[in-house]
Amino acid sequence: MATEASAEFLQLHDSVLEKLGLDIVSGTVPTGTRISADDVAARFEVSRTVVREVVRVLESLGLLTVRRRVGITVQGSDLWNSLDPLVIRWQLAGPNRARQLSILSEMRSGIEPLAAKLAARRATPEQCGQLTAAVIGMSATSRAADSDAYLTHDSDFHRTLLAASGNPMLRSMSDIVVEVLAGRTRHDLMPHRAEPEAIRLHGIVASSIQAGDAAAAEQAMLEIVTESADAMLAEEQTERDRT
């Protein structure tokens, strides 16, 4: 019984967190808005305990501030934890999706080529095998035009790459990179069938790391993230042209 109650609490918590987080990040609830816990509880038909926990999470992400005698206030985007995967996901679901993807792609351009270079020096045999397996999976699911399965293998590749760098700071960026990949897929910003060139370049990264060729691994990874950044810049320009 207690387990069922806990599961229900988590379900309600996650649902309210997702909806309120999206409302704040999209601007539906503007910066400076005062939020009443009672109003939130009534709107979502949940207990004040659920609301309290949701507010605690949103405060930790910088979206809300809670002050005695002032209450709960929505904070501006300059105070958000922009590297948190939840904030990234909400931004990618909002009206400025293309701009956010472009920013994130620029960030990837700085960290993933470096990770590939370091991985060529530090990757374990097991990690080399995982990179190769991910590329094989990407190739197979691309031919089947299975975007969800392709995303799984693509995510495995990038998680393994960042871990194989041997740098804990780079490894900690893996959730961010995977959220970018997922966002592009979720919002139909990836080709329905992956470009053969993209898969070929992932294969070069994997084989170069296994061979210990740091320069080749770095260059191939740079080409991968540059293609992604260029695609997002083009999407951003398209969005501008529509407005």
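The values are calculated or read from the model by the stated rules, or taken from the named source; none is laboratory data. Remember, it's a predicted structure, so these values are computed and weren't measured experimentally. Ideal geometry is used to build each Cβ from the backbone, glycine not excepted, and the neighbour counts take in all protein chains shown. Just the protein is used for accessible areas: all its heavy atoms, side chains included, with ligands, DNA and RNA removed. Shrake-Rupley method; radii C 1.70, N 1.55, O 1.52, S 1.80 Å.
Structure above, values below:
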{"quantity": "GLY94 vs. criteria among the small types (Gly, Ala, Ser) and in a helix (DSSP H, G or I)", "calculated": "no"}
{"quantity": "Residue check for GLY137: of a type outside the set (A, V, I, L, M, F, W, C) and assigned to a loop (DSSP other than H, G, I, E, B)", "calculated": "no"}
{"quantity": "Conditions (1) surrounded by 15 or more Cβ atoms within 10 Å (Cβ to Cβ); (2) farther than 21 Å from ASP175 by Cβ; (3) within 17 Å of the chain's Cα centre (by Cα); number of the one not met by LEU101", "calculated": "(2)"}
{"quantity": "Pairs with Cβ under 8 Å, 6+ apart, first in the range 117-138 and over 12 Å from ASP154 (Cβ atoms), second of a type in the set (Asp, Glu)", "calculated": "LYS117/GLU218; ALA120/ASP213; ALA120/GLU218; GLN130/ASP156; ALA133/ASP156"}
{"quantity": "Within the range 131-152, considering residues that are under 17 Å from ALA220 (Cβ atoms) and not aliphatic (A, V, I, L, M), the one least open to solvent (accessible area, probe 1.4 Å)", "calculated": "SER139"}
{"quantity": "Qualifying residue in the range 183-192 (condition: at pLDDT 90 or above and surrounded by 14 or more Cβ atoms within 10 Å (Cβ to Cβ))", "calculated": "no"}
{"quantity": "Condition broken by SER155, with the remaining ones in (1) buried (at least 17 other Cβ atoms within 10 Å of the Cβ); (2) hydroxyl-bearing (Ser, Thr, Tyr); (3) farther than 30 Å from LEU22 by Cβ satisfied", "calculated": "(3)"}
{"quantity": "Total residues in the range 70-102, condition closer than 21 Å to ARG184 by Cα and out of contact with any Phe, Trp or Tyr (no Cβ under 6 Å at 6 or more places or on another chain)", "calculated": "21"}
{"quantity": "Some residue of the range 59-66 being outside the structural domain of GLY166 (by the TED database), out of contact with any strand residue (DSSP E or B) (no Cβ under 7 Å at 6 or more places or on another chain) and under 30 Å from ILE224 (Cβ atoms)", "calculated": "yes"}
{"quantity": "Tabulated pairs, the range 100-116, first closer than 8 Å to GLU218 by Cα and in contact (Cβ under 8 Å) with a residue 12 or more places away in the chain, second open to solvent by 10 Å² or more (accessible area, probe 1.4 Å) and among the charged types (D, E, K, R), C-beta under 7 angstrom, 6+ apart or interchain", "calculated": "PRO113/GLU218; ALA116/GLU218"}
{"quantity": "Enumeration of residues in the range 1-54 that are open to solvent by 70 Å² or more (accessible area, probe 1.4 Å), in contact (Cβ under 8 Å) with a residue 24 or more places away in the chain and part of a helix (DSSP H, G or I)", "calculated": "LYS19"}
